[in-house]
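Written out below as structure tokens is the structure these notes cover.
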Amino acid sequence: MSRQSPAASNGITPLQQMVASCSGAIVTSLFVTPLDVVKIRLQAQKNPFPKGKSFVYCNGLMDHICVCENGNTKAWYKAPSHFNGTMDAFVKIVRHEGTKALWSGLPPTLVMAVPATVIYFTCYDQLCSALRVRMGDYSQEAPLLAGAVARVGSATVISPLELIRTQLQSQKQSYRELTDCIRSAVRSEGWLSLWRGLGPTLLRDVPFSAMYWYNYEKGKSWLCERSHTREPTLTITFVSGAMSGSIASIVTLPFDVVKTRRQLELGELQAKNLSCQVSSSTFSVMRRIVAQSGFSGLFAGFIPRLIKVAPACAIMISSYEFGKTFFRKHNEERTLRPLQDTNA
């Protein structure tokens, strides 16, 4: 009787899945963060951010509300000189501030994105493996359901942390002051106040996640068949991730526009130390956007979102799959080694 590996049904343990997803999040952040730092610098140059206003910073993995600081403080999103375009901005930032400046928005990204990504990808893999067994003839739809449920879980866990991080940044509070502020908010508005803004996040991220994983698994299988290979290569996972991320980002773009608007409202209210309640619902915000800008207003930022999301999804999933393949081979070698020693 052969010795059983302590791995999960897909050949690796949950801990190894966590390490693989953590590595993928770090690699993605390292690649995509410089692009958004440059974008924010160019935005600040064209429309300087006034104190108390907010903008949304995104590294491709998740969004961060950044509250504009006093003009006397040096912040990473303030440009030291005039930029004539994207490449000019890259060159001048490196020349005047050093290469590290291109990753100046990285710390908040890693603090939030790494735990969110670890929860999300590990939950997805575990759920998908379990659902494929239980769904029988409908096992091909398992990625759709697993992706949606995993996103609900990760977004729910991270939402209070995002609210806390925004308050720390906007009000420069100590951790003790922040604790008192949170306790006061919970007493007056209940525990649900810590998940304020979760609704629009789920409306965008849950459909995105469901479509992304379904299309990714389908695309990966199709490309494997075309390439006559059983195991997906790095190229296959990269292309599948980019294509599925592009499709999902286009379909969910209206909810992304609404989410961004509501994030900005919340950030500015927190910066002014006002009540954080936003009375307008997601669909009333949509109606307001259509009234002001027409139906096309719901698809504002189409090209920038596509340019950012497609490579971020491709880098993240290919890094994650590479990590899983590494651990799978490692586990197989550990399992076979005792058998080879016995036969010898």
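The values are calculated or read from the model by the stated rules, or taken from the named source; none is laboratory data. All of these numbers come straight from a predicted model, not from anything done at the bench. Every residue, glycine among them, receives a Cβ derived from its backbone with ideal geometry; neighbour counts consider all protein chains shown. Ligands, DNA and RNA are excluded from the accessible area calculation, which covers all protein heavy atoms including side chains. Shrake-Rupley method; radii C 1.70, N 1.55, O 1.52, S 1.80 Å.
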Task: Accessible area of SER227 in the full protein assembly, 1.4 Å probe (Å², nearest 10) - done: 70
Task: In order through segment 199-204: 3J(HN,Hα) via Karplus (6.51 cos²θ - 1.76 cosθ + 1.60), integer Hz, x for Gly, Pro - done: x, x, 4, 5, 4, 8
Task: Listed residues MET112, MET286 arranged by accessible area, highest first, probe 1.4 Å - done: MET286, MET112
Task: Rounded to whole Hz, the Karplus (6.51, -1.76, 1.60) HN-Hα couplings of segment 294-302, x for glycine and proline - done: x, 4, 5, x, 6, 10, 5, x, 4
- [ ] Give the accessible area for LEU102 in Å² (nearest 10); use a 1.4 Å probe, count only protein heavy atoms, and leave out ligands, DNA and RNA.
- [x] 10
Open item on the list: Longer than 26 Å from Cα to Cα, which of LYS218/LYS308; LYS39/LYS218; LYS92/LYS259 are they? Say none if no pair is.
Closed with: LYS39/LYS218; LYS92/LYS259
Open item on the list: Can you give me the solvent accessible area of ARG261 with a 1.4 Å probe, rounded to the nearest 10 Å²?
Closed with: 80
Open item on the list: At 0.36 nm per residue, and after removing the present C-alpha to C-alpha distance, how many nm does the segment from ARG187 to VAL157 gain when stretched out fully?
Closed with: 8.8 nm
- [ ] May I ask you to evaluate 6.51 cos²θ - 1.76 cosθ + 1.60, the Karplus curve with θ = phi - 60°, for each residue of segment 211-228 and list the ³J(HN,Hα) values in order in whole Hz, giving x for glycine and proline?
- [x] 5, 4, 5, 4, 5, 5, 5, 5, x, 5, 5, 5, 5, 5, 5, 5, 8, 6
Task: Inter-site label distance for ALA101 and HIS330 at 7 Å from Cα along Cβ, in nm - done: 3.9
Open item on the list: Using alpha carbons only, how many angstrom separate the centre of segment 100-135 from the centre of segment 194-243?
Closed with: 13
- [ ] Just add up the charged neighbours of THR86: K/R +1, D/E -1, any other residue whose Cβ is under 12 Å from the Cβ of THR86.
- [x] +1
